[in-house]
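The values are calculated or read from the model by the stated rules, or taken from the named source; none is laboratory data. Since the structure is predicted, the reported quantities are computational estimates derived from the model, not experimental observations. Cβ atoms come from the backbone with ideal geometry, glycine included; neighbour counts cover every protein chain shown.
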Amino acid sequence: MAEFFQYRYSTSHYFFPKIIITLLIVLGLIIIIPKIIKAVKSGAFSKGNRPHFFVENYDKLKLFGTLALLILYILALEWVGFLIASIIFIFLFNVLFCGTLQPKSLLISAIISVVASVGVWYIFGVVFNVTLP
């Protein structure tokens, strides 16, 4: 049991993702369970009725673009490291969700991606001394 509480710098980056995944699962259940209860009470699962997962006219480009960028980001972490991959993919996510390729918008997206990535890297990697992928 004492080994569980020992801090190992080389594996410290495994700790935070477990906490975040657990929190996301709990928060997801907090969101989903009341919706399922409401749907059952309203008869949404009765014969002939079929609840829909997506709202009508959802943006397929943003949905599938986000999934593709997320997978590519995870792969890029190994190739180029945390900081460079984060700068590139935060920029790409901003461009995807902004929906415009105007120079001012691209400049703002570039600034956001650099400031956010360097900020996260500095706070967690330098201040808190957490190893990043």
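Quick look at the values:
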quantity: Among the residues listed as Val130, Val126, Val95, the single one being β-branched (Val, Ile, Thr) and touching a Leu at 6+ places or on another chain (Cβ under 9 Å); calculated: Val95
quantity: Failed condition for Phe82, given (1) without any contact (Cβ under 8 Å) to a residue 24 or more places away in the chain; (2) closer than 30 Å to Phe16 by Cα; calculated: (1)
quantity: Some residue of region 92-101 being in contact with a helix residue (DSSP H, G or I) (Cβ under 9 Å, 6 or more places away or on another chain), within 29 Å of Ile32 (Cβ to Cβ) and among the hydroxyl-bearing types (Ser, Thr, Tyr); calculated: no
quantity: Candidate set: region 12-34, residues that are surrounded by 10 or more Cβ atoms within 10 Å (Cβ to Cβ) and either small (Gly, Ala, Ser) or modelled with pLDDT under 85 (or both); chosen: the one farthest from Gly81 (Cα to Cα); calculated: Gly28
quantity: Residues satisfying the stated conditions in region 99-116, i.e. small (Gly, Ala, Ser) and surrounded by 12 or more Cβ atoms within 10 Å (Cβ to Cβ); calculated: Ser105, Ser109, Ala110, Ser113, Ala116
quantity: Criterion violated by Leu63 - all others in (1) under 23 Å from Gly125 (Cα atoms); (2) modelled with pLDDT under 95 satisfied; calculated: (1)
quantity: Within region 77-98, considering residues that are in contact with a Phe, Trp or Tyr (Cβ under 7 Å, 6 or more places away or on another chain) and either surrounded by fewer than 17 Cβ atoms within 10 Å (Cβ to Cβ) or aliphatic (A, V, I, L, M) (or both), the one modelled with the highest pLDDT; calculated: Ala85
quantity: Cβ pairs under 6 Å, 6+ apart, first in region 92-107 and within 14 Å of Asp59 (Cβ to Cβ), second surrounded by fewer than 15 Cβ atoms within 10 Å (Cβ to Cβ); calculated: Cys98/Ser105
